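Q: If you scroll down you'll find the structure; I have some questions about it.
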Amino acid sequence: MPQQGSGRAGTLVLVGCGQMGSAMLRGWRDRGAAERYIVIEPAGRHAALAGAVDVEWHAAADELSDGLGPDAVVFAVKPQIIDSVLPNYRRWAQPRSLFLSIAAGKTLAGIARHLGETAIVRAMPNTPAAIGRAITVACPNRHVTEAHRHLCDALLASIGESTWAEDEALMDAVTAVSGSGPAYVFLLIEALAAAGERCGLPAELALRLARETVAGAGELARASSESPARLRENVTSPGGTTRAALDVLMAENGLPALMQRAVAAATARSRELAN
């Protein structure tokens, strides 16, 4: 058993080992986040982790004993199936145990209906977890202690940066901005490359320019102390090419208005998933 508050788990159970679950598991193993890793995945071993001798793989929770007593159980399953999954883990609810869910839209109260009065954290990571560059927001229920928070911080640090939101009402907008946000950026790359092609660039060159421009601009925004608005202004000369493009993008029905509608739609859908 780990020392209380050490941020390291003794036994860590991962329920679901798809894209996000496998990214988390790789990060945990790289950082030594636990002494023992147990994965519940009906599809079997993840191909990229097939040779991981320190991971126990099981097809169902009933293959494990009631007395296992894991320090943390992480649910990395789709929100559409989590209600059928959660009841299998109530037997492990005890004061020191932490239940961490990354199912989009699933509320703390909705999870507690299946697990009972126990420490539950609802979190929203995003797909850059695959390269250790996720941003995750975590929201605790009233049973989460400082020791639970330390453990949760350690688990989330394995896939990138994390922060806490005490108000669960914020989580739908978090899901819409950072959870779904990578897809918006990928669409921007697609659209920018396609626009370059239409202006005569070879497809391969257009895609490379679009991809590296977005990656480089994102890294600059991350590293700079200046606001994104100021960075944009630094690139924009009066009467120049960038100004001509921004006049289109920032028009009344341009990118800012489209992004507001997109994030509002994703926020609304996140609320619907909770019902």
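The values are calculated or read from the model by the stated rules, or taken from the named source; none is laboratory data. As the structure is a prediction and not an experimental result, all values here were calculated from the model. Here the Cβ positions follow ideal geometry from the backbone for every residue, glycine too, while neighbour counts run over all protein chains shown.
Residue-by-condition table, conditions (1) in contact with a Lys or Arg (Cβ under 8 Å, 6 or more places away or on another chain); (2) closer than 27 Å to residue 145 by Cα; (3) touching a residue at least 24 places away in the same chain (Cβ under 8 Å); (4) not assigned by TED's automatic domain parsing to the domain that holds residue 152:
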{"residue": "31", "(1), (2), (3), (4)": "no, yes, yes, no"}
{"residue": "36", "(1), (2), (3), (4)": "no, yes, yes, no"}
{"residue": "55", "(1), (2), (3), (4)": "yes, no, yes, no"}
{"residue": "64", "(1), (2), (3), (4)": "no, yes, yes, no"}
{"residue": "101", "(1), (2), (3), (4)": "yes, yes, yes, no"}
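Q: Residue 21: under 23 Å from residue 153 (Cα atoms) and touching a Lys or Arg at 6+ places or on another chain (Cβ under 8 Å), yes or no?
A: No, not satisfied.
Q: Of the conditions (1) within 20 Å of residue 269 (Cβ to Cβ); (2) among the β-branched types (Val, Ile, Thr); (3) in contact with a helix residue (DSSP H, G or I) (Cβ under 7 Å, 6 or more places away or on another chain), residue 82 fails just one. Which one is it?
A: Among (1) within 20 Å of residue 269 (Cβ to Cβ); (2) among the β-branched types (Val, Ile, Thr); (3) in contact with a helix residue (DSSP H, G or I) (Cβ under 7 Å, 6 or more places away or on another chain), residue 82 violates only (3).
Q: Can you find, within the range 221-232, the residue that is farthest from residue 184 (Cα to Cα) among those that are among the hydrophobic types (A, V, I, L, M, F, W, C) and either in contact with a strand residue (DSSP E or B) (Cβ under 8 Å, 6 or more places away or on another chain) or surrounded by 10 or more Cβ atoms within 10 Å (Cβ to Cβ) (or both)?
A: Ranking the candidates gives 231 first.
Q: Within the range 202-211, is even one residue touching a residue at least 60 places away in the same chain (Cβ under 8 Å) and among the basic types (Lys, Arg)?
A: Applying the first criterion (touching a residue at least 60 places away in the same chain (Cβ under 8 Å)) to the range 202-211 yields none.
No, the range 202-211 contains no residue that is touching a residue at least 60 places away in the same chain (Cβ under 8 Å) and among the basic types (Lys, Arg).
Q: Being modelled with pLDDT of 95 or more and touching a strand residue (DSSP E or B) at 6+ places or on another chain (Cβ under 6 Å) narrows it down to one of 174, 263, 235, so name that one.
A: 174
Q: Of the numbered conditions (1) in a helix (DSSP H, G or I); (2) in contact (Cβ under 8 Å) with a residue 12 or more places away in the chain, residue 122 satisfies every one except a single condition; which is it?
A: (1)
Q: Being under 30 Å from residue 108 (Cβ atoms) and free of Cβ contacts under 8 Å to residues at least 24 places away in the same chain: is that true of residue 183 here?
A: Answer is yes for this residue.
Q: State which residue is nearest to residue 124 (Cα to Cα) when the search covers only the range 15-57 and only residues that are of a type in the set (Val, Ile, Thr) and either buried (at least 19 other Cβ atoms within 10 Å of the Cβ) or within 18 Å of the chain's Cα centre (by Cα) (or both).
A: So the residue we want is 15.
Q: Identify the residue in the range 134-167 that is modelled with pLDDT under 95 and assigned to a loop (DSSP other than H, G, I, E, B) and, among all such residues, is surrounded by the most Cβ atoms within 10 Å (Cβ to Cβ).
A: Checked the range 134-167; the qualifying residue surrounded by the most Cβ atoms within 10 Å (Cβ to Cβ) is 159.
Q: Among the candidates 60, 109, which residue alone is under 22 Å from the mean Cα position of the chain (by Cα), on the phi < 0 side of the Ramachandran plot and either surrounded by 12 or more Cβ atoms within 10 Å (Cβ to Cβ) or of a type outside the set (Phe, Trp, Tyr) (or both)?
A: 109
Q: Would you pick out the residues in the range 193-220 that are in a helix (DSSP H, G or I) and either outside the structural domain of residue 231 (by TED's automatic domain parsing) or loosely packed, with under 12 Cβ neighbours inside 10 Å (or both)? First the steps, then the outcome.
A: First, pick out the residues of the range 193-220 that are in a helix (DSSP H, G or I): 193-198, 203-220.
Once the filter is applied, which keeps residues that are in a helix (DSSP H, G or I) and either outside the structural domain of residue 231 (by TED's automatic domain parsing) or loosely packed, with under 12 Cβ neighbours inside 10 Å (or both), the range 193-220 yields 198, 203, 204, 212, 216, 219.
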